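Data block below; observations after.
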Amino acid sequence: MTNLSDAVASVAVVGATGYAGGELAAILSRHPHANLAAVFSGAKSGTTPFRSLHPSLSRATGPDAVPFDLDLLLAAKPDVVFLATPNEIAAEVVPQLLDRGVRVIDLSGAFRLRESASYPTWYGFEHPRAELLREAVYGLTEFCNGELTTARLVANPGCYPTSVLLAVRPLAALIDRDQPLICDSMSGISGAGKKSELAYSFAEVFGNFKAYGVAGHRHEPEIRQGLKLGDRATLIFVPHLLPTVRGILSTIHVAFTEPLTAEHVLALYTKAYAASHLVTVLPHGQLPELKDVVNTPRAEIGFQLLQGGKRAVLVSVIDNLLKGAASQAVQNFNRMFGYPDTEGLS
Ligand SMILES: NC(=O)c1ccc[n+]([C@@H]2O[C@H](COP(=O)([O-])OP(=O)(O)OC[C@H]3O[C@@H](n4cnc5c(N)ncnc54)[C@H](OP(=O)(O)O)[C@@H]3O)[C@@H](O)[C@H]2O)c1
């Protein structure tokens, strides 16, 4: 019988030439319990050398990225496939992998929302396999309780929702749902992927700062779902584009049904994250900064009570490409196979 400490899972990454997929390739190539068997691009032809997928791979060896082809992927016999592709591609490919007995961790939003009716509105397509939305495990790792061990399909959370949910979930039962929950979230430009649109060009972003997508961002229903806000509670989610490459800082304004003390808030956070080596909660009044987490798999949360504890400002920071995407996906992989969350991430 294979000892868990010696076991190695065969893994593949689709979308390895993208920002999130490149981080995945880098982490998985160093992971003691993963064998990176194949990596794929979305190109029509040509290969991308393995060493070009991520700066940390410049002297590493591994499979070159080839144009995505389902038969080639299956020939590599992966135990788990990580998908870091556009949503529509994942919606099409995931069912084909599951039907062939391959487990999937999907970094796109194609399986995050429980209701298929939300997809035309927020994602612009009819969901091809609505029944899988019920099966998918929403992989906000710190809030998963054993379900990842048997999951066939993990819907890895979005980057903005990760930053908001980590800060708000531990306090959710005490939040006054008659008052608006306001999330001002700011992301570095890599959150948009390798886009070539004018709005994401250096000249437009450098030295600039702007809000966008108010009332229309697809992470809004994901945050609403993750906090069980229903249709009645008011959620105001305002994404902003920071003139930096990576990192998300969310400033969240909440009101409570009863005034809370700093000790009570800290106790709730401690209960939620006592076992976590990747989420740090700071003492009352100390607020985290992007530089504390960028290029790390960690999240940091700070809070300041206001108005005698009736309200609070929560501040949450993550690296969008790591805790907001690739490292959280690897945390979920670790849970699927029974390894500590930090395996391959330190
Ligand atoms: N960026 C973030 O901070 C972040 C955070 C959380 C989740 N996500 C999600 O993760 C996914 C990837 O995001 P990203 O930012 O890494 O995007 P990206 O930089 O644009 O990369 C997209 C990847 O998908 C590949 N691709 C495109 N069309 C494909 C196709 N038809 N078949 C196979 N592969 C295809 C691309 O290949 P080519 O290089 O050949 O074009 C590239 O490798 C998205 O669903 C995104 O929403 C991103």
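Each reported figure results from applying straightforward, stated rules to the coordinates on display, with no laboratory input. These figures come from a predicted structure and were not determined experimentally. Backbone-built Cβ (ideal geometry, glycine too); neighbour counts: all protein chains shown.
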Taking Cα pairs closer than 8 Å and at least 6 residues apart, the relative contact order of region 112-237 in percent is 29
Counting only DSSP beta bridges with both partners in the chain, the antiparallel fraction in percent, to the nearest 5, comes to 45
Taking alpha-carbon centroids only, region 295-346 lies from region 150-211 a number of Å equal to 13
Place a point 7 Å from the Cα of Leu266 in the direction of its beta carbon; the residues of region 276-307 whose amide N falls under 12 Å from it are 281-286, 303
Relative contact order as a percentage, region 205-330, C-alpha pairs under 8 Å and 6+ apart, gives 25
With +1 at each Lys and Arg Cβ and -1 at each Asp and Glu Cβ, the charge dipole magnitude of region 160-318 around its Cα centre, to the nearest 20 debye, comes out at 260
When Phe50, Phe202 are arranged by how many other beta-carbons sit within 10 Å of their Cβ, fewest first, they go Phe202, Phe50
In nm, the gap between the two label points placed 7 Å beyond Cα toward Cβ at His277 and Ile236 is 4.1
Note to self, the chain gives a 222 nm [θ] from helices alone (DSSP H runs n ≥ 4, -39500 (n - 2.57) apiece, / all residues, nearest 500) of -7000 deg cm²/dmol
Restricting to lysines and to Cα separations under 25 Å from Lys291, and discarding same-chain partners fewer than 8 apart, the set is Lys194, Lys195, Lys210, Lys323
Here FRET efficiency (C-beta to C-beta, Asp64 to Tyr200, R₀ 30 Å, nearest 0.05) is 0.65
Exposure proxy check on Leu57, Leu322: fewest-to-most Cβ neighbours within 10 Å is Leu57, Leu322
Per-residue Cβ contact counts at 10 Å, fewest first, order Arg103, Arg311, Arg59 as Arg59, Arg311, Arg103
If the label point sits 7 Å along Cα→Cβ of Phe209, residues of region 224-253 with amide N under 18 Å come out as 238-253
So for R0 = 30 Å, FRET eff. of Glu88-Asn295 from the Cβ-Cβ r, to 0.05, ends up at 0.50
With +1 on the Cβ of every Lys and Arg and -1 on the Cβ of every Asp and Glu, the dipole magnitude of the chain about its Cα centre, in debye rounded to the nearest 20, is 220
Of Tyr123, Tyr269, Tyr19, the most mobile residue in a GNM of the chain (C-alpha springs, cutoff 10 Å) is Tyr123
